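Below: one structure, written as structure tokens.
Please treat every number below as a calculation from the coordinates, not as lab data. Quick caveat: nothing in here was measured; it's all calculated off a predicted structure. Here the Cβ is made from the backbone with ideal geometry for all residues, glycine too, and neighbour counts use every protein chain on show.
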């Protein structure tokens, strides 16, 4: 039986805008198990970005408890949260978030610098991850010398380089054409098969269908949480 890597209990997140209180998350209780592939969906203003920020330890809740791999991260200070982020969570962003003047290799090595690895180990680990995403021949290229799909592969390699327990992908195909989107989702499929827990935040139904579980948010609350009985895989596209 796989264990819960994420346990959220009655999570609320309120923001004060002038005299008004915005209730971005009203009461979220949610468990995610090791090696689950989950899609978080919801329209603009549903609270999915706020929830992603809390899951990714980029923000802390107003109230409630967040247990990540048996550690209570709900009320951690910024420095401790940064350490948890670096060790436990790999991020993939819609806009890639690559350093423009750094090579693919240097971009992938970045989390390893914060983790305290020496240079030889950084180069070895980053090169291995770039090889896994089929970019061995592009390691010395800078982002402006890469296609959108290649840039996102660099971002995926960077997300994986510290061997995190969770991959958090925020609209990972939002800036890509449909063919490249399918390739990136195929890559996430492979990462999931290798044992990672994957959470994809998306507003695109066809992207969410790759996940094995779909959680839908409306007005800061979970509207539905269902097992996806018709998971779409890369094999399905090849049949077409």
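Between residue 163 and residue 237, the modelled labels are 3.0 nm apart [label points 7 Å from Cα along Cα→Cβ]. Each residue in 58, 99 was given a count of other beta-carbon atoms within 10 angstrom of its own, and listing them fewest first yields 99, 58. Each DSSP beta bridge with both residues in the chain is either parallel or antiparallel, and the antiparallel ones are about 55%.
Counting 0.36 nm for each residue step from residue 67 to residue 145 and taking away their Cα separation leaves a gain of 24.0 nm. Using the Cβ-Cβ distance between residue 115 and residue 177 with R0 set to 30 Å, the FRET efficiency works out to roughly 0.30.
With a/c under 1.5 counting as rounded, go ahead and sort the range 15-80 into rounded, prolate or oblate using the C-alpha gyration tensor (a ≥ b ≥ c being the square roots of the eigenvalues; past the cut-off, prolate if a/b is larger than b/c, else oblate). Verdict is oblate for the range 15-80. A Förster radius of 30 Å combined with the Cβ-Cβ distance from residue 203 to residue 82 puts the calculated FRET efficiency at roughly 0.60.
Stretching the chain fully between residue 226 and residue 4 yields a gain of 78.2 nm (0.36 nm per residue, less the alpha carbon separation). Fully extending the segment from residue 124 to residue 31, taken as 0.36 nm per residue of separation minus the present Cα-Cα distance, adds 30.0 nm.
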